[in-house]
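Read-outs throughout are calculated quantities, based only on the coordinates presented, and are distinct from any laboratory measurement. Everything quoted here is computed from the prediction, not taken from an experiment. Cβ placement follows ideal geometry from the backbone for every residue including glycine, while neighbour counts extend to all protein chains displayed.
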Amino acid sequence: MEKKKKKVRALGICSGGLDSMLSGMVLKSQGVEVEWITLVTPFFFADKAQNASQITGISLMIQDITLDYLEMLKDPPCGYGRYMNPCLDCHSLMFRIAGRVMKEKGFDFLFSGEVLGQRPMSQSRPSLRYVEKHSEFDGYIVRPLSAKKLPETLPEKMGLVDRSQLLDISGRSRKLQMELAKSFNITEYPAPAGGCLLTDAGYSRRLKDLFDHQHSHEIREFHLLKYGRHMRLDPETKIIVGRTQKDNENILSHYDPKSDILMNPCIPGPVLLIPHGGSGGVVLKAASICAGYIKISGDAPVGIVVSSPAGKRSIDVKPVHPAEIRHLLI
Ligand code: SF4
């Protein structure tokens, strides 16, 4: 009896964008069994990849890599991009982690939707090479959309993938990808880029401030950077003031009563959080700032309920007008 040929299995890193989807479909169409992994942190999430998985029918694993990611993010060997985005080291880390899953679960190689030259910094030839070299899986990363423009990989040399059926796309135009999408009947896909908070100017400013002022960090602090107005009162103290009801709810969901100070006005208004607390003078100043964001006219004292690890008390403070403390905004 003829021995059944072993199925070739490939594990792709999926961001959820069109290029990710196409890379999976290109391999799938030549008979490779493909699966995806998407990696999540407080800075990027699985929603787009989940959507891509639903559209293409390619199954998806989700892995939280926050601890490994933070370690790298504090001091990425290749530095940051325009904001706090360490794209090259981010990609190497993702491949390193995906590579471990590949070995554990018996996949034959890794793949991604990267396109040579599509992003000038992170997808140039040297950048793709850097990522591969520092991934610990040099030679095992196939980029199906640009494969013919890149050196032959081990899976191609070993005959696990047919190089002749891979593509030679490069550059910033997405015309070829859109045609390819049609041929795979993919009509729904997200706009390119977006979705990573490390490429957001405001988030990056607050993140840098956090790194500049604290040596150790709790994961919740990276979530808190997404919500409200952040102000630095002194090198040890930062306050976060909700802008909307949603902000208030999100801030409260990351409040730690064992270490933080939380302020709630006695009348409807924003919540104010001091992560890790603060001293007496700072607390009074923060309470006045909190009062200043309440939508009332005049500057009559306002009651603010202050909850700290020591207990709860109410204080009356005069509001500080937001214009007077604009310079404190991070
Ligand atoms: S944009 Fe964000 S998720 Fe994408 S490579 Fe850069 S740092 Fe990583």
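Here are the numbers for this structure:
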{"read-out": "Cα Rg, Dmax, the range 200-328, angstrom units", "value": "13.8, 41"}
{"read-out": "L154-R100 FRET efficiency (beta carbon distance; Förster radius 22 Å; 0.05 resolution)", "value": "0.80"}
{"read-out": "Tensor-based shape of the range 268-330 (alpha-carbon gyration tensor, a/c under 1.5 rounded, otherwise prolate or oblate)", "value": "oblate"}
{"read-out": "Pair S307, I267: separation of 7 Å Cα→Cβ label points (nm)", "value": "2.2 nm"}
{"read-out": "Proxy reagent accessibility, fewest Cβ within 10 Å first, across H321, H91, H254", "value": "H321, H254, H91"}
{"read-out": "Candidate lysines - alpha carbon under 25 Å from K285, same-chain residues fewer than 8 apart omitted", "value": "K208, K226, K238, K246, K258, K295, K312, K318"}
{"read-out": "Set of lysines near K6 by C-alpha distance (under 22 Å), chain-local residues within fewer than 8 positions excluded", "value": "K28, K103, K105, K157"}
{"read-out": "Relative contact order (%) - the chain, alpha-carbon pairs under 8 angstrom, separation at least six", "value": "14 percent"}
{"read-out": "Ratio Rg/Rh [Cα only; Rh per Kirkwood] for the range 64-165", "value": "0.98"}
{"read-out": "Computed label-point distance, nm, for sites K258 and E136 using a 7 Å Cα→Cβ extension", "value": "3.1 nm"}
{"read-out": "Under-5 Å amide H pairs with S124, H placed in peptide plane, nonlocal only", "value": "G117"}
{"read-out": "Interchain or long-range residues, amide H under 5 Å from I261's placed H", "value": "I274, H276, G277"}
{"read-out": "Relative exposure of C290, C14, C87, C266, judged by other C-beta atoms within 10 Å (fewest first)", "value": "C266, C87, C290, C14"}
{"read-out": "Viscosity 0.692 mPa s, temperature 37 °C, Stokes-Einstein D of the range 103-229 from Kirkwood C-alpha radius, µm²/s", "value": "186 µm²/s"}
{"read-out": "Computed label-point distance, nm, for sites H223 and E236 using a 7 Å Cα→Cβ extension", "value": "2.7 nm"}
{"read-out": "Cβ charges +1 (Lys, Arg) and -1 (Asp, Glu), total dipole of the range 9-197, debye", "value": "540 debye"}
{"read-out": "Mean residue ellipticity (222 nm) of the chain, computed from DSSP H runs ≥ 4 via -39,500 (n - 2.57), nearest 500", "value": "-10000 deg cm²/dmol"}
{"read-out": "Distribution of pairwise C-alpha distances over the chain, 20 Å bins, in %", "value": "28, 42, 24, 5, 0"}
{"read-out": "Dipole of the range 290-330, positive direction: furthest Cα of L328, I315, V305, with charges on the beta-carbon", "value": "V305"}
{"read-out": "Hz values of 3J(HN,Hα) by residue in the range 306-314 - Karplus curve (6.51, -1.76, 1.60), Gly and Pro given as x", "value": "10, 9, 10, x, 7, x, 10, 8, 10"}
{"read-out": "Stokes-Einstein translational diffusion, the range 9-197 - Kirkwood Rh over all Cα pairs, 1.306 mPa s, 10 °C, in µm²/s", "value": "97 µm²/s"}
{"read-out": "Segment L67-S183, length gained on full extension (0.36 nm per residue, minus Cα span)", "value": "37.8 nm"}
{"read-out": "Gyration tensor (Cα) of the range 143-211, equivalent ellipsoid semi-axes in angstrom", "value": "34, 19, 10"}
{"read-out": "For the chain, share of DSSP beta bridges that run antiparallel, in % to the nearest 5", "value": "60 percent"}
{"read-out": "For the range 158-254, projected area of the alpha-carbon convex hull averaged over all directions, nm²", "value": "11.6 nm²"}
{"read-out": "Residue-wise HN-Hα coupling along the range 236-251, computed from phi with Karplus coefficients 6.51, -1.76, 1.60 (Hz; x: Gly, Pro)", "value": "9, 10, 10, 10, 10, 10, x, 9, 9, 4, 4, 4, 4, 5, 5, 4"}
{"read-out": "R0 of 30 Å, Cβ-Cβ distance R125-Q54: FRET efficiency to nearest 0.05", "value": "0.35"}
{"read-out": "Ranked list, fewest to most other Cβ atoms within 10 Å of each Cβ, for S146, S170", "value": "S170, S146"}
